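Encoded as structure tokens, the structure appears first; notes follow it.
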Amino acid sequence: MIEDWPATPDEAVALQLRMAPLVDPRPPAGFAPRTAAGLDVAYDEDRLAAAVVVLDIASLETVDQVVVPGVTDFPYVPGLFAFRELPALLGALERLTTSPDLLICDGQGVAHPRRFGLASHLGVVTGLPSIGVAKTPMGHYDPPGPERGDWTELTDGGDVVGRALRTQREIKPLFVSIGHRIDLDTACAQVLRLAPKYRQPETTRRADHLCREALVLDR
DNA sequence: GCGACAG
DNA sequence: ATCTTGTCGC
């Protein structure tokens, strides 16, 4: 499934440079996502659990979920985060009953040194529209206003790569960037819609809870 | 050369 | 990511 999987950081960087041009910032024709999947991974030593939870965007009800166990192959290296989580997340995605319309990822999309963070990598590999939602920025930004929905640009090397988006009043913003096949306005609107009550989107919250629980039960 | 650097 | 106490609020 995953050809030429890198064994070293140098190979991983080379793969990102080859794949970054494959990111398509244009949404599919008539894009109107009905479901969104949250993806997250939890760790315990060399074990991990990857979870995907699919929500109906309108009702925020869970319509499908999968969690799979795995092992950590790749060390955590800033900029190469995807190589740690991608294999397990793809395995979980394959086991879903239905294909989600949109992927909400825990990390950067194009707000990344090589414009190819986890969300972009997942989007390109699956062909699905994807959004990167990170808790910490990779780039520079000025603090947005205090209200829910307030935002400022996230920049890197002179490029606008995403937004610092406040999802709750006076709560630290999230850092949203496009992953693949979506535009930044739509990405931010979807994140806001999915986060009516807490800082993080419901998709991410449920996937987080699910993989943590699985890690404990599998032990 | 030194610091910064998603989870 | 994970480690952690008490504390505030619904």
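The values are calculated or read from the model by the stated rules, or taken from the named source; none is laboratory data. Everything quoted here is computed from the prediction, not taken from an experiment. When we count neighbours, we look across all protein chains shown, and the Cβ atoms used for this are built from the backbone with ideal geometry, even at glycine.
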Answer residue from the range A:38-53, given it is out of contact with any Cys (no Cβ under 7 Å at 6 or more places or on another chain) and not basic (Lys, Arg) and is surrounded by the fewest Cβ atoms within 10 Å (Cβ to Cβ) among those: A:Glu45
Exclusive hit being within 15 Å of DNA strand B (Cβ to nearest atom) and either β-branched (Val, Ile, Thr) or modelled with pLDDT of 95 or more (or both), set A:Val23, A:Val54: A:Val23
Candidates A:Leu90, A:Leu96, filtered to the one that is part of a helix (DSSP H, G or I), aliphatic (A, V, I, L, M) and at pLDDT 95 or above: A:Leu90
All but one of (1) within 29 Å of A:Asp156 (Cα to Cα); (2) within 16 Å of the chain's Cα centre (by Cα) hold for A:Ala92; state the number of the condition that does not hold. (1)
Any idea which of (1) part of a helix (DSSP H, G or I); (2) over 27 Å from A:Leu194 (Cα atoms) is the one A:Ser120 doesn't satisfy? (2)
Subset of the range A:123-147, residues part of a strand (DSSP E or B), at pLDDT 95 or above and of a type outside the set (S, T, N, Q), comes to A:Ile131, A:Gly132, A:Val133, A:Ala134
What's the number of the condition A:Gly117 fails, among (1) more than 19 Å from A:Ile178 (Cβ to Cβ); (2) within 16 Å of DNA strand C (Cβ to nearest atom)? (1)
Is it true that some residue in the range A:138-156 is within 22 Å of A:Asp56 (Cβ to Cβ) and acidic (Asp, Glu)? no
Could we say that A:Gly149 is more than 13 Å from DNA strand B (Cβ to nearest atom), more than 13 Å from the chain's Cα centre (by Cα), within 19 Å of A:Thr203 (Cβ to Cβ) and without any contact (Cβ under 8 Å) to a residue 60 or more places away in the chain here? yes
Condition test on A:Thr62, is it hydroxyl-bearing (Ser, Thr, Tyr) and more than 16 Å from DNA strand B (Cβ to nearest atom)? yes
Would you please name the residue that is nearest to A:Ala20 (Cα to Cα), looking only at residues in the range A:104-117 that are among the aliphatic types (A, V, I, L, M) and in a loop (DSSP other than H, G, I, E, B)? A:Val110
Number of positions in the range A:45-68 that are within 16 Å of A:Glu202 (Cα to Cα) and outside any strand (DSSP E or B): 5
In this structure, is A:Thr136 among the polar types (S, T, N, Q), without any contact (Cβ under 8 Å) to a residue 60 or more places away in the chain, within 15 Å of DNA strand B (Cβ to nearest atom) and within 13 Å of A:Leu192 (Cα to Cα)? no
Only one residue in A:Thr136, A:Thr152, A:Thr126 is polar (S, T, N, Q), touching a strand residue (DSSP E or B) at 6+ places or on another chain (Cβ under 9 Å), surrounded by fewer than 21 Cβ atoms within 10 Å (Cβ to Cβ) and over 27 Å from A:Tyr43 (Cβ atoms). Which one? A:Thr152
